[in-house]
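Engineer: Here it is, the structure in full.
Every read-out reported here was derived from the displayed coordinates using simple, explicitly stated rules and does not represent laboratory data. None of the values given here were measured: they were computed from a predicted structure. Cβ sites come from the backbone with ideal geometry, for glycine too, and all protein chains shown count toward neighbours.
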Amino acid sequence: MIALANGQPSSTAGFDAACGGPPPPFAGITLSAFNQMQPGMSYEQVTAIVGAPGTLSAENSVGGFDTKICTWPGVGGVGANANVEFRNDQEVSKAQVGLGS
């Protein structure tokens, strides 16, 4: 499930304020986090690795397959990002640009 606040993806949606205040700002996905993601992981598992929810970039449901592509801004140069495709809440592919080492 993608975390939403006021209908928009949010890195703080679902945060329990009783834990001591807002979470630190999300700097972006790292190459290390990207490399830890494996096919078959759920969206929840991926967000646990990344440290923040992604932005829903595309969504389609056809023939019993629910496909979502989520994007995370990246740590690195201008335009650095990572995209992960989930089919029925399982990672099936990923791509990144500019995450660096």
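Engineer: If you look at just the Cα atoms of segment 42-101, how large are its Rg and its Dmax in Å?
Structural biologist: 12.0, 39
Engineer: Hey, what do the phi angles of segment 84-99 turn into as Karplus ³J(HN,Hα) couplings, whole Hz, using 6.51/-1.76/1.60 and θ = phi - 60°, x for Gly and Pro?
Structural biologist: 10, 9, 10, 10, 6, 6, 10, 5, 10, 7, 8, 8, 9, 9, x, 6
Engineer: Now, a different point. Ordered by packing density, taken as the mean number of other Cβ atoms within 10 Å over each peptide's residues, highest first, how do 30-41, 67-78 rank?
Structural biologist: Values: 30-41: 15.0, 67-78: 17.5.
Per-residue mean Cβ counts within 10 Å order the peptides as 67-78, 30-41.
Engineer: How many nm is it between the label spots at SER61 and VAL92, if each spot is 7 Å from the Cα in line with the beta carbon?
Structural biologist: Rounded to a tenth, the inter-label distance reads 1.6 nm.
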